[in-house]
Ligand SMILES: Cc1cc2nc3c(=O)[nH]c(=O)nc-3n(C[C@H](O)[C@H](O)[C@H](O)COP(=O)(O)OP(=O)(O)OC[C@H]3O[C@@H](n4cnc5c(N)ncnc54)[C@H](O)[C@@H]3O)c2cc1C
């Protein structure tokens, strides 16, 4: 069987675009990534990313083994299954631990975004081009597609992949009718460094993921605690990295970062004051997006009056410069479209509220599914368009399934009916008490 040479143009070098590029590059398929940012570290990469087994499998399959190994070694252990508590820290339920004996590609990892980005870029010199803002595309009579960039340059290939995130320009041109649904939540998140001075934190808060389901609002906490220190990783894997032409010091540089607990407070948009409330310390401006970390922290604290003191301390002691506000949006479901030589992956097609930490995992799922489809084309086992059509079906099913799940979690978080909240708490308490029910609801 003869192989088909392919040239794949990827617009956007985020999690999904780079994971795809790694997988295609390793398979000997021609790939070029065009990223708008001027340089790899042009933007702060924010919080840790929770990688679920679906994302772990994709990374395992797309990354060369030595990079996957470093990813696992530098990741944090997210702890046993998630706990669900009341605002007074009464345990309602704890998810069961994953079954013993699972390999790293079947497990959950808390990954530093900076490290993930460095690993996804490793070995792709010449593949990823920075400072290239995609502006539009042209489909040519010979079956190729040309991507156009703001600097006046262009790139022509057999396939264009829009991996350019929430405000995707590729999506806007390919699917101008694709819209988004209102997501009524507002999220405010921060990071508290773990150390001797946080010994007062309840064990659950410093060792695992937790959901706090109070009578109003919602709090999520997760811990980023590394499995292995930087020196140990450098010692164990340094030679293999150097042999692959990679600089171990650069790759594990951010391992000097501290371990931390991150929290995300979520409230219904209409529950937060539209005007500066008189009883808040600091003058909260009407335009919340412009508010600084201290004002956001004051705002969250003002909502926690009857919460457990340890939860109030967690928010109150969080440095203001780590506190940010997040706007939530969810892509409206898109029906399948006639497949052409332009496709999409990740947030570019199915963005979702970050509640539940599913978006990055869905982008990784897409990258791996598209990689498999293109390998089949490259090997001459399938034609390009049928392979892409099958990819798009799987991607839409999985991606919009994740959008529905994230939207459901958000609805639960911002529920305003006290009666329904009480029912939700009873439901979790019941799941906590009845293992068979818990397994039936949370086993996947
Ligand atoms: C606070 C927060 C916490 C989250 N936590 C989690 C979590 O724990 N787990 C999880 O799975 N997900 C999480 N997510 C979601 C996750 O970050 C996204 O779903 C994921 O980054 C999507 O990957 P992507 O590759 O599709 O898009 P992105 O990572 O957004 O990458 C898009 C890339 O395209 C580039 N780009 C944009 N426009 C252009 C253009 N015109 N030309 C060229 N390049 C362009 C951008 O610069 C960017 O590099 C979280 C999100 C937030 C906001």
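Observations, loosely collected:
- Per the conditions (1) free of Cβ contacts under 8 Å to residues at least 40 places away in the same chain; (2) closer than 30 Å to residue 391 by Cβ, the sole criterion not satisfied by residue 248 is (2).
- Unmet requirement for residue 246, which otherwise passes all of (1) buried (at least 19 other Cβ atoms within 10 Å of the Cβ); (2) touching a strand residue (DSSP E or B) at 6+ places or on another chain (Cβ under 7 Å); (3) not in a helix (DSSP H, G or I): (2)
Residue-by-condition table, conditions (1) modelled with pLDDT of 90 or more; (2) part of a loop (DSSP other than H, G, I, E, B); (3) out of contact with any strand residue (DSSP E or B) (no Cβ under 8 Å at 6 or more places or on another chain); (4) at positive phi:
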residue	(1), (2), (3), (4)
250	no, no, yes, no
273	no, yes, yes, no
278	no, yes, yes, no
337	yes, yes, yes, no
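- Those residues of the stretch 358-378 which are within 13 Å of the ligand (Cβ to nearest atom) and over 18 Å from residue 50 (Cβ atoms), in sequence order: 370
- The conditions of being within 11 Å of the ligand (Cβ to nearest atom), farther than 24 Å from residue 381 by Cα, out of contact with any strand residue (DSSP E or B) (no Cβ under 8 Å at 6 or more places or on another chain) and at pLDDT 95 or above are met by residue 16.
- You will find that of 402, 440, 390, the residue that is part of a helix (DSSP H, G or I), under 28 Å from the mean Cα position of the chain (by Cα) and modelled with pLDDT under 90 is 440 and no other.
- Selection count where residues are surrounded by 14 or more Cβ atoms within 10 Å (Cβ to Cβ) and part of a strand (DSSP E or B), scope the stretch 168-180: 0
- Considering the conditions (1) at pLDDT 95 or above; (2) at negative phi, residue 28 is excluded by exactly one of them, (2).
- Within the stretch 9-23, at least one residue is surrounded by 24 or more Cβ atoms within 10 Å (Cβ to Cβ), more than 20 Å from the chain's Cα centre (by Cα) and either on the phi < 0 side of the Ramachandran plot or assigned to a strand (DSSP E or B) (or both).
- Among the residues of the stretch 45-86, the ones that are modelled with pLDDT under 95, over 30 Å from residue 428 (Cα atoms) and under 18 Å from the mean Cα position of the chain (by Cα) come to 6 in all.
- Taking the stretch 189-229 as the range and being under 22 Å from the mean Cα position of the chain (by Cα), within 15 Å of residue 307 (Cβ to Cβ) and at pLDDT 90 or above as the test, the residues that pass are 210, 211, 212, 218, 219, 220, 221.
- Residue within the stretch 55-72 that is away from the ligand (no atom under 12 Å from the Cβ), touching a residue at least 12 places away in the same chain (Cβ under 8 Å), crowded, with 24+ Cβ neighbours inside 10 Å and not in a helix (DSSP H, G or I) present: no
- Hits in the stretch 407-444 (condition: buried (at least 16 other Cβ atoms within 10 Å of the Cβ), within 15 Å of residue 218 (Cβ to Cβ) and touching a strand residue (DSSP E or B) at 6+ places or on another chain (Cβ under 7 Å)): 407, 410, 413, 414, 425, 428
- All of 241, 219, 201, 192 fail the test of being part of a loop (DSSP other than H, G, I, E, B) and crowded, with 19+ Cβ neighbours inside 10 Å, apart from 201.
The values are calculated or read from the model by the stated rules, or taken from the named source; none is laboratory data. This one's a predicted model, so the numbers in the text were calculated from it and none came from an experiment. In this analysis, Cβ positions are derived from the backbone assuming ideal geometry, glycine residues included, and neighbour counts consider all displayed protein chains.
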